[in-house]
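Here's the structure, in structure tokens; my notes come after.
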Ligand code: FAD
């Protein structure tokens, strides 16, 4: 164990509410007990017992914890962020399960759904008895979803959906899919029970990243839904983008969890691994890697905490979240790679976490807005010039 942990050195608990730290500690215990021991196997086998885990996270009150009512805890953004840090310290794939359920699917239902939709779906989703997914991306339309090809057309009072969605987390295990589709009046959101005829999902094979996560293609072939399936409050692309802003705050924190875990493993390893007659921790080059990584980690956590306080005050802007995602995911990837080098050859196996985290963070760099998209958002905020096209 480190003599002083990076968290202790940065006094990172300072300023957080006792109840938020208590929630974090409960999640840490659950993760240590039911997730961490299995990760190496899940990742190498490309498997995640997502429904079991959803139930366990639901029992702890983690799913949709930042939402109010309908069985949700109404916790602060800071508490939610700390929880994401703990879960992603285990694996980004497990954090994705929780983020997609709470910040994307449940958030969309909570913010844009009718009272009936909320009553039907949110309480069982908060308990983890029902799993949701969020279908925005298509194979040919990722960074520019406004071009989406999936259509929802009226047939009498019904809606009929045709198209496909790609890279959808939880897609093949979900009970309900929040699907974004083009209508005659612009982009709208639809609540699609996954047992509706015409809905099918199959998992993306041969992933090298986020292997402990379900990632699926969804096909919508004449999916007929009642008029009440539309999300009444969702008008245009702003609705799914607002859900993504919520979820990105979880990434700003979560990515630092992956970084912290890499760092702790590297320190532990460096203290016990001897070369040239001394622990490699005693060499200056190793200490430089650990010090640089700790500086990046502490800075990332402090920025995350600052953004969460802005969210709790109701003033957080999408541009600030972009800045946070951009910088923290890059930081986390640098830390995971640097820590992997400290583990030498052992570091390339699934027995240690840094390379698994680095592989996962390649996805985190890409999903919920790529690094390039967030760079352009920040560039526009600074200059006033949109450089997207
Ligand atoms: P593209 O948009 O094709 O981009 C390719 C490259 O071109 C990127 O580097 C991009 O930054 C760059 N680029 C594009 N436009 C520009 C430009 N104007 N200027 C400069 N560079 C540009 N989506 C969902 O809807 N729901 C999910 O649950 C979900 N889960 C995911 C899980 C995983 C494991 C993965 C890998 C993805 C997931 N996604 C999900 C999709 C993800 O959000 C998209 O992959 C992402 O938005 C990027 O889209 P793309 O892959 O089509 O890349």
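Please list, ordered by residue number, the strands (runs of 3 or more DSSP E) wholly in the range 114-212 having 1 or more residues that are in contact with a helix residue (DSSP H, G or I) (Cβ under 8 Å, 6 or more places away or on another chain) and surrounded by 18 or more Cβ atoms within 10 Å (Cβ to Cβ). Give the steps one after another, and end with the answer.
Working: elements: 132-135, 151-155, 158-169, 176-183, 186-193, 199-203.
Those strands (runs of 3 or more DSSP E) span 132-135, 158-169, 176-183, 186-193, 199-203.
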Sort out which residues of the range 219-269 are touching a helix residue (DSSP H, G or I) at 6+ places or on another chain (Cβ under 8 Å), surrounded by fewer than 20 Cβ atoms within 10 Å (Cβ to Cβ) and not in a helix (DSSP H, G or I), and write them in order of number. 232, 233, 237
Which residue is nearest to residue 339 (Cα to Cα), if the candidates are limited to the range 289-312 and must be under 22 Å from the mean Cα position of the chain (by Cα) and without any contact (Cβ under 8 Å) to a residue 40 or more places away in the chain? 296
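Taking the range 359-389 as the region of interest, how many residues are within 14 Å of the ligand (Cβ to nearest atom) and in a helix (DSSP H, G or I)?
Filtering the range 359-389 down to residues within 14 Å of the ligand (Cβ to nearest atom) leaves 359-380, 385-389.
Cutting the leftovers down to in a helix (DSSP H, G or I) gives us 359-366, 371-380.
Qualifying residue count for the region: 18.
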Here is a list: 178, 204. Which entry is within 10 Å of the ligand (Cβ to nearest atom) and under 28 Å from residue 75 (Cβ atoms)? 178
Within the range 336-353, take every residue that is assigned to a helix (DSSP H, G or I) and either surrounded by fewer than 18 Cβ atoms within 10 Å (Cβ to Cβ) or under 16 Å from the mean Cα position of the chain (by Cα) (or both) and give me the one that is nearest to the ligand (Cβ to nearest atom). 337
Failed criterion for residue 356 (all others in (1) modelled with pLDDT of 95 or more; (2) over 20 Å from residue 257 (Cα atoms); (3) within 16 Å of the ligand (Cβ to nearest atom) hold): (2)
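Could you tell me how many of the residues in the range 125-141 are out of contact with any strand residue (DSSP E or B) (no Cβ under 7 Å at 6 or more places or on another chain) and touching a residue at least 12 places away in the same chain (Cβ under 8 Å)?
Filtering the range 125-141 for residues out of contact with any strand residue (DSSP E or B) (no Cβ under 7 Å at 6 or more places or on another chain) gives 127-129, 131, 140-141.
Those left that are additionally touching a residue at least 12 places away in the same chain (Cβ under 8 Å): 127-129, 131.
Here the count works out to 4.
Can you say whether residue 128 is away from the ligand (no atom under 12 Å from the Cβ) and within 18 Å of residue 242 (Cβ to Cβ), as far as the supplied structure shows?
When the stated conditions are applied, residue 128 does not pass them.
The values are calculated or read from the model by the stated rules, or taken from the named source; none is laboratory data. This one's a predicted model, so the numbers in the text were calculated from it and none came from an experiment. Don't worry about glycine lacking a Cβ; one is built from the backbone with ideal geometry, like all the others, and counts go over all protein chains shown.
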